[in-house]
Amino acid sequence: MNKFDAAIESMYGIIESAKSHEIVQTFTSQDNIQGNRIKVNNKEVINFGSCSYLGLEFDERLKNGAIEAIRKFGTQFSSSRSYISLGLYHELEQLFCEIFEANCIVTPTTTLGHIAAIPILVSDQDAVIIDHQAHNSISTAVSLLKPRNIHVELLRHNKMDDLDAKVSQLKSKYKNIWYMADGIYSMYGDSCPLEDIENLLIKYPQFHAYIDDAHGMSWCGKKGEGYVLSRIGLHERMVVVASLAKSFAAGGGVLIFPDKSTEKRVRNCGGPLIFSGPLQPANLGTAIASARIHLNGEIQSYQQKLFDNIKYTSSLIKEIGLPCISLGESPVFFIGVSLPKIGYAVIERLMNKGYYVNIGIYPAVPLKNTGIRFTITRLHSKKQIKSMLLDLKEILDAVIIEKNFSYDNIYKAFKRNLKHQLNSKTESNNKELTFCHYESIVEVDRQSWNELFDSKGIINHEALLLLEKSFSKNPKQENNYDFEYIIIKDNQQKIILATFLCLSLCKDDMMYEKEISYEIEKIRQLDPYYLTSQILSVGTPMTDGEQMYLDQNHPLWSEALNQLLEWISKKQLDKKINQLIIRDFEQPTAELEKVFLDNGFVKYKLPNNNYIDNFDWHDTSEFVQLLSKNNRRHFRKNIDRNYHKFKIRENNSALASEIELWYELYLNVKRKNLSINTFDLPINLFHRIAKDKNWKIIEFFPKKDFVLTDYEQKPVAFCMIHLNGTTANGAILGMDYAYQKEYRIYNCILYEILLFTKRKNLKRLNLGYTADMEKRKMGAKQSIVYSFIQIQDDFNMRLLSEKIKTKESD
């Protein structure tokens, strides 16, 4: 599964989870809608989810405009605008020229407007910088630039100092630098720093601004020209896009240009303006009626009523202490709750109280930044606003206590200073569970731990003690891990859950396409910690397999898992850890997935785990007969022909000089294979493994007639095998690639590990991730493995996504 498929699968699971709570993809009833009251699930509720901020959709003039247009021109005038347009289009665009005092093109939607304009405005000599919270429709249009190799960068949200620095850096390389952002951001309701944009337009002649003001249209400006143009006006190097489907109460979008030549260029060459269908007559008739209201001055009284409601809402939010993430001047409000399960519970109870609001959730925001999004319109009364906010506060207080959360955790999740804290419980209120936390495996009962993790991987008691010692006191920060151990029991002291966690510095591209990692590694030659993050994970970067014991047959398993995730969440906030990874799970159940989703995790497919568990053979010939016809051919060609060319021996009493040679061979493989891109393991680990009785080291020496390099009398390959119960784990290897090209030494290593496992009478051989094809040829099976991931700050992930899009378009 590629990264796109993994993202789609995660998104699908999240939406399905939200649908099960009946808070997304719902429908109103067939009854007439009167004002701001609607019926959802047969219950009448006050609508706090409308983006029609001025409530013009109920104006009789707009309704009559739609009806009259249908009577005159039918339900559709079906022709490409490049051939002929309904005359209503010309009339509407002329009205917009008056509203915006600029050159305008009406488009079927704002998304199609972006797709029409951006590829025409941006030349091959230009660069593009996008605010990382800009609307998805802008990113969709910008992706069309990638096949033209146009330089595209992502900017942290509203970081104007960073924008200034980027423009200064790029101005000598590119003809124009386009900055693309929103006027009002649709989730948090915060705004673009327009004064800074205006200053950059003055400072840099190459700087251009492209602003989507969809949520600012109509409710700002004397003629409803929107948030952006009412604040700074239309600069000669600025293009603004507005939506007609929100406060304007019609449908479609409008592109606003500072000059006629730019407008004509987009009109004549923009793809959707040539090939897409037009707006229906009803929409055009509605829009014309709305435009006339904007121009006759009446719009200002509507705006004033909305401003009064916004001001009242903001003051009441402050008074009662709701955690509003961006308390500005827009009609969009976002009350942070952090975890999806808190959001679901709050919205369900608000619905029961008679209020419809939206959930702000992934992919619109990071899962850990879930919130209650509501909008204020002119149609709301102050009584409605007050009752909703007081009920919201009461409900949120109760849910936070029930979910063992706190306001402190919410503000930390959104990286805001603490404004208010409820005296809520933070410890588990489930007295049937005992939560045990240890900071070293030494503190954990050896027998109990090994009974749970016997034959599971490099995760038994002895192996973890070795890892603890190996990943401490190293000179490089990436080679120092913090280990923690969690065991949760019931009242009878039966273990329900047991696992270990590792805090480590990891590369953000660890599981991304190797081609992307190759490009990023070039940057890391100068900046070694570029695109890296602190990650708290179940397991370590060098372990795999079933690293969490969870008894899903126990009636309290979900409570135990929730308790673990709550503990992890608090640690994440306290230590400012960016990413959490809970792994590895084969075929996770729907019930297990739901617990993770409700706690803000998304499911992510890991590379396949390779293993061999069939040792029902006595010699090589019997083993080969178990392989497929093609794999038998592979064995004869690559292994049988080459295996005898090497002297193979176990070495468990190595000298320091031998270990250093192993390390160089390991680095050969590590730096060539970036399918899983981790930091180099510390040489300290190799020294400890060499002395540990649970590890076996096998070396390969070329026989005299097959020496290719100056490595005679020195190993040209090695592998380190860990033994745990009835399982062998092929963990670390290294080789001279000259012997791979000539003698297929990697295939010989796999075969020797197989023979070693057979000689030890073990039942299973774990071969780990990557190189699936070569391992399958040896009879390996693949298990599909998933992790659950939570990212606090998704900026680096967005950067990587942009790099993938660029690579795919090459």
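Whenever a residue of segment 623-643 is of a type outside the set (G, A, S), its partners that are open to solvent by 30 Å² or more (accessible area, probe 1.4 Å) and assigned to a helix (DSSP H, G or I), lying with C-beta atoms within less than 7 angstrom and at least six residues away or across chains, give the pairs V624/R632. I'd like to know if segment 167-183 contains one or more residues that are modelled with pLDDT of 95 or more, closer than 20 Å to V365 by Cβ, open to solvent by less than 30 Å² (accessible area, probe 1.4 Å) and of a type in the set (A, V, I, L, M). Scanning segment 167-183 turns up at least one residue that is modelled with pLDDT of 95 or more, closer than 20 Å to V365 by Cβ, open to solvent by less than 30 Å² (accessible area, probe 1.4 Å) and of a type in the set (A, V, I, L, M). Annotation note: Cβ proximity below 9 Å between a residue of segment 32-58 that is free of Cβ contacts under 8 Å to residues at least 12 places away in the same chain and farther than 16 Å from I347 by Cβ and a residue that is open to solvent by 20 Å² or more (accessible area, probe 1.4 Å) and part of a loop (DSSP other than H, G, I, E, B) (sequence gap 6+ or interchain) occurs for K39/S29; K39/Q30; K39/D31; K39/I33. Considering only residues of segment 126-166 that are touching a strand residue (DSSP E or B) at 6+ places or on another chain (Cβ under 9 Å), without any contact (Cβ under 8 Å) to a residue 12 or more places away in the chain and assigned to a helix (DSSP H, G or I), which is most open to solvent (accessible area, probe 1.4 Å)? The extreme case among them is D162.
One residue stands out among those in segment 215-228 that are open to solvent by 10 Å² or more (accessible area, probe 1.4 Å) and of a type outside the set (S, T, Y): the one that is farthest from G253 (Cα to Cα), which is K222.
In this structure, K741 does not satisfy being open to solvent by 40 Å² or more (accessible area, probe 1.4 Å) and part of a loop (DSSP other than H, G, I, E, B). For segment 197-206, the criterion of being at pLDDT 95 or above, hydrophobic (A, V, I, L, M, F, W, C), in a loop (DSSP other than H, G, I, E, B) and within 26 Å of D259 (Cβ to Cβ) is satisfied by no residue at all.
Condition check ((1) over 21 Å from the mean Cα position of the chain (by Cα); (2) assigned to a helix (DSSP H, G or I); (3) over 17 Å from Y512 (Cβ atoms)) across all residues:
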position: L754; (1), (2), (3): yes, yes, yes
position: N761; (1), (2), (3): yes, no, yes
position: L765; (1), (2), (3): yes, no, yes
position: T770; (1), (2), (3): yes, no, no
position: K775; (1), (2), (3): yes, yes, yes
position: G779; (1), (2), (3): yes, no, yes
position: Q782; (1), (2), (3): yes, no, yes
position: S787; (1), (2), (3): no, no, no
position: Q790; (1), (2), (3): no, no, yes
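A116 versus (1) part of a helix (DSSP H, G or I); (2) modelled with pLDDT of 95 or more; (3) farther than 26 Å from C51 by Cα: which is the lone unmet condition? The failed condition is (3). Select from segment 193-243 the residues that are in contact with a strand residue (DSSP E or B) (Cβ under 6 Å, 6 or more places away or on another chain) and either within 18 Å of A165 (Cβ to Cβ) or among the acidic types (D, E) (or both) and list them in ascending order. Hits for segment 193-243 are I197, L200, L201, Q206, F207, H208, A209, D212, D213.
Considered as a group, the residues in segment 570-596 that are part of a helix (DSSP H, G or I) and touching a strand residue (DSSP E or B) at 6+ places or on another chain (Cβ under 8 Å) include one that is most open to solvent (accessible area, probe 1.4 Å), and that residue is K575.
Only one of the listed residues (F100, F48) is surrounded by 13 or more Cβ atoms within 10 Å (Cβ to Cβ), touching an Asp or Glu at 6+ places or on another chain (Cβ under 6 Å), closer than 30 Å to L255 by Cα and modelled with pLDDT of 90 or more. That residue is F100.
Yes/no matrix, rows are residues, columns are (1) open to solvent by less than 40 Å² (accessible area, probe 1.4 Å); (2) out of contact with any helix residue (DSSP H, G or I) (no Cβ under 6 Å at 6 or more places or on another chain); (3) aliphatic (A, V, I, L, M):
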| position | (1), (2), (3) |
| --- | --- |
| F679 | yes, no, no |
| I689 | yes, yes, yes |
| M735 | yes, no, yes |
| Y746 | yes, no, no |
| K758 | no, yes, no |
| L762 | yes, yes, yes |
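Restricting the search to segment 375-398, which residues are assigned to a helix (DSSP H, G or I), touching a residue at least 40 places away in the same chain (Cβ under 8 Å) and either surrounded by 21 or more Cβ atoms within 10 Å (Cβ to Cβ) or basic (K, R) (or both)? Within segment 375-398, K382, K386, M388, L389, L392, K393, L396 meet the criteria. Looking across D584, D544, D598, D551, one residue alone is touching a Pro at 6+ places or on another chain (Cβ under 6 Å), under 25 Å from I496 (Cα atoms) and of a type in the set (D, E, K, R). It is D598. Tell me, please, whether a residue that is open to solvent by 40 Å² or more (accessible area, probe 1.4 Å), in contact (Cβ under 8 Å) with a residue 60 or more places away in the chain and within 30 Å of P588 (Cα to Cα) can be found in segment 792-800. Scanning segment 792-800 turns up at least one residue that is open to solvent by 40 Å² or more (accessible area, probe 1.4 Å), in contact (Cβ under 8 Å) with a residue 60 or more places away in the chain and within 30 Å of P588 (Cα to Cα).
Looking across segment 184-196 at every residue that is in a loop (DSSP other than H, G, I, E, B) and either within 16 Å of V241 (Cβ to Cβ) or touching a Cys at 6+ places or on another chain (Cβ under 6 Å) (or both), the one that is most open to solvent (accessible area, probe 1.4 Å) is identified as S186.
Which of the following residues is of a type outside the set (G, A, S), part of a loop (DSSP other than H, G, I, E, B), at negative phi and open to solvent by 10 Å² or more (accessible area, probe 1.4 Å): Y518, Y549, Y530? Break it down stepwise before answering.
Details: Y518 fails: part of a loop (DSSP other than H, G, I, E, B); Y549 fails: part of a loop (DSSP other than H, G, I, E, B).
Every option except Y530 fails the conditions.
Is there a residue in segment 554-562 that is at pLDDT 90 or above, open to solvent by 10 Å² or more (accessible area, probe 1.4 Å), assigned to a loop (DSSP other than H, G, I, E, B) and among the aliphatic types (A, V, I, L, M)? There is at least one residue in segment 554-562 that is at pLDDT 90 or above, open to solvent by 10 Å² or more (accessible area, probe 1.4 Å), assigned to a loop (DSSP other than H, G, I, E, B) and among the aliphatic types (A, V, I, L, M).
The values are calculated or read from the model by the stated rules, or taken from the named source; none is laboratory data. From a predicted model like this one, the values you see are computed outputs, not experimental measurements. Neighbour counts run over all protein chains shown; Cβ positions are idealised from the backbone, glycine included. For the accessible areas, the whole protein counts, side chains as well, though only heavy atoms, and no ligand, DNA or RNA atoms are used. Shrake-Rupley method; radii C 1.70, N 1.55, O 1.52, S 1.80 Å.
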